[in-house]
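Q: One structure, as structure tokens, below. Some questions next.
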Ligand code: GLU
């Protein structure tokens, strides 16, 4: 039904508007701007060409495309003359302008403009080297959050202490506190787990089963931790998680080191020219004083790439085909849209607006945007790699705690079983032998011996 109504409306339009206006084939003006309109040999293609083809199919018109002669979008001089695509429409040199042409109040006064087919806002791009802050001196700490580092230090201290306790309690590590030299001191214990943390296997190693259980759990903890650290670290190095040193228009306006400008006479330039906002006025005054505007989007991109230049423009255009060496500021101001324009009194404009809305509602415009923006370097914010938080490795910390507990329990059981057999031989109570053993191991003799150096211990 809808299609029928559109066809009838279009047929009426053809009879009333077209036939009287004359053109059997619409003359369409456009401008070269990646990926809206690009040249491939003698052909033109891009987002705007696909959109034009869709509109022609829907509304049943024929067209012929040419590039705007002066290479401008739509600029008005002091005496009211229009240049660029708008100028061609006003002078009757074209019937339609299909391009990234911004809908503005002044243009709407002089030509017919459709509903926008794309929404965007004003932002700026600048060279990656220029826009990134100096590297963090302690960037090697960034893969883990502060809470994670605290957790690792606590785990390290508790494990070192556990291995020491286990080796002191376990009779297979220290068989006879009366006569044996105790070879596994607190220093050995920490040296040993430090070695494991760097995958170096520093000795001496615990000999008892309980000590080996604790060691095995610590090794596992160290290996998984190192794997997480390195993967996060390399992701951070590769990621675009870098901050723009000039983050927004306010900062751009305040500094004098980086030059900046827009496309000369474009809608972005006019936005700054007509704005009463102090920051935007300052930006306009800078552009006027320094004559820092560029003739085209291409030149703007090139100057930004060369360095020390921030190119101000519309985000949709800045992102399209943006060189990955350029970064875009997250600041987005003055929302606006790209529209199709035609001379005043163009009877088909209502149909074009309806067709754009239909294409938008059916997802066709989103599909086209995906098609033509697929390879561009989009804003980085959402791809940033974050420091690893302890809750992600909760299971690993839990496993270590269980391993330490198990090792201690095993060491106590080993000692208890030794005390039991000794109690049988000496015909004493098991508890008195056990407490005597414990006091020997943790008494003055044990403490004195725990200060042994690794060299002495090894000897
Ligand atoms: N799209 C703009 C226009 O229609 C040109 C680019 C710009 O000013 O950023 O005037």
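The values are calculated or read from the model by the stated rules, or taken from the named source; none is laboratory data. All of these numbers come straight from a predicted model, not from anything done at the bench. Here Cβ is always computed from backbone atoms with ideal geometry, including for glycine, and neighbour counts include all displayed protein chains.
Q: Looking at region 96-108, which of its residues are crowded, with 24+ Cβ neighbours inside 10 Å and away from the ligand (no atom under 12 Å from the Cβ)?
A: 96, 98
Q: Just to be sure I understand the filter: pairs with C-beta atoms under 6 Å, separated by 6 or more residues or on different chains, first member in region 77-95 and within 13 Å of the ligand (Cβ to nearest atom), second member part of a helix (DSSP H, G or I). Which pairs pass?
A: 82/90; 86/107
Q: From 51, 126, 89, which residue is buried (at least 17 other Cβ atoms within 10 Å of the Cβ) and not in a helix (DSSP H, G or I)? Spell out how you get there, then give the answer.
A: Numbers: 51 fails: not in a helix (DSSP H, G or I); 89 fails: not in a helix (DSSP H, G or I).
The unique qualifying residue is 126.
Q: Considering only residues of region 281-297 that are surrounded by 15 or more Cβ atoms within 10 Å (Cβ to Cβ) and touching a residue at least 40 places away in the same chain (Cβ under 8 Å), which is farthest from the ligand (Cβ to nearest atom)?
A: The first filter runs over region 281-297 and keeps only residues surrounded by 15 or more Cβ atoms within 10 Å (Cβ to Cβ), leaving 281-284, 286-287, 292-294, 296-297.
Then keep just the ones that are touching a residue at least 40 places away in the same chain (Cβ under 8 Å); that gives 296-297.
Working: 296: 9, 297: 7 Å.
The residue in question is 296.
Q: Give me a count of the residues in region 291-305 that are outside any loop (DSSP other than H, G, I, E, B) and within 18 Å of residue 35 (Cβ to Cβ).
A: 8
Q: Out of everything in region 299-327 that is out of contact with any strand residue (DSSP E or B) (no Cβ under 7 Å at 6 or more places or on another chain) and farther than 18 Å from residue 338 by Cβ, what residue ends up being nearest to the ligand (Cβ to nearest atom)?
A: Within region 299-327, the first condition is being out of contact with any strand residue (DSSP E or B) (no Cβ under 7 Å at 6 or more places or on another chain), and the residues that meet it are 299, 302, 306, 320-321, 323-324.
Now drop any that are not farther than 18 Å from residue 338 by Cβ, which leaves 299, 302, 306, 323-324.
Values: 299: 12, 302: 15, 306: 19, 323: 17, 324: 21 Å.
The selected residue is 299.
Q: I would also like to ask the following. Could you tell me which numbered condition residue 184 fails, if it satisfies all but one of (1) at pLDDT below 80; (2) surrounded by fewer than 20 Cβ atoms within 10 Å (Cβ to Cβ)?
A: Only one criterion in (1) at pLDDT below 80; (2) surrounded by fewer than 20 Cβ atoms within 10 Å (Cβ to Cβ) is unmet by residue 184, namely (2).
Q: Of all residues in region 60-76, count the ones that are under 21 Å from residue 100 (Cβ atoms) and touching a residue at least 60 places away in the same chain (Cβ under 8 Å). Break it down into steps so the answer makes sense when it comes.
A: Start the filter on region 60-76 by keeping residues that are under 21 Å from residue 100 (Cβ atoms), which leaves 63-76.
With touching a residue at least 60 places away in the same chain (Cβ under 8 Å) added as a condition, the list becomes 71-75.
The total comes to 5.
Q: Suppose the filter is part of a loop (DSSP other than H, G, I, E, B) and within 40 Å of the chain's Cα centre (by Cα); does residue 70 pass it?
A: The answer is yes for residue 70.
Q: Determine which single condition residue 260 fails, assuming it passes every other condition in (1) crowded, with 16+ Cβ neighbours inside 10 Å; (2) assigned to a helix (DSSP H, G or I).
A: (2) is the only condition that residue 260 fails.
Q: Follow-up. Can you tell me which residue is farthest from residue 256 (Cα to Cα) among those in region 268-279 that are away from the ligand (no atom under 14 Å from the Cβ) and part of a helix (DSSP H, G or I)?
A: Filtering first and then ranking leaves 278.
Q: With respect to residue 401, determine if the residue is modelled with pLDDT of 80 or more, surrounded by 13 or more Cβ atoms within 10 Å (Cβ to Cβ), over 21 Å from residue 207 (Cβ atoms) and out of contact with any helix residue (DSSP H, G or I) (no Cβ under 6 Å at 6 or more places or on another chain).
A: Numbers: modelled with pLDDT of 80 or more: yes; surrounded by 13 or more Cβ atoms within 10 Å (Cβ to Cβ): yes; over 21 Å from residue 207 (Cβ atoms): yes; out of contact with any helix residue (DSSP H, G or I) (no Cβ under 6 Å at 6 or more places or on another chain): yes.
For residue 401, the condition - modelled with pLDDT of 80 or more, surrounded by 13 or more Cβ atoms within 10 Å (Cβ to Cβ), over 21 Å from residue 207 (Cβ atoms) and out of contact with any helix residue (DSSP H, G or I) (no Cβ under 6 Å at 6 or more places or on another chain) - is met.
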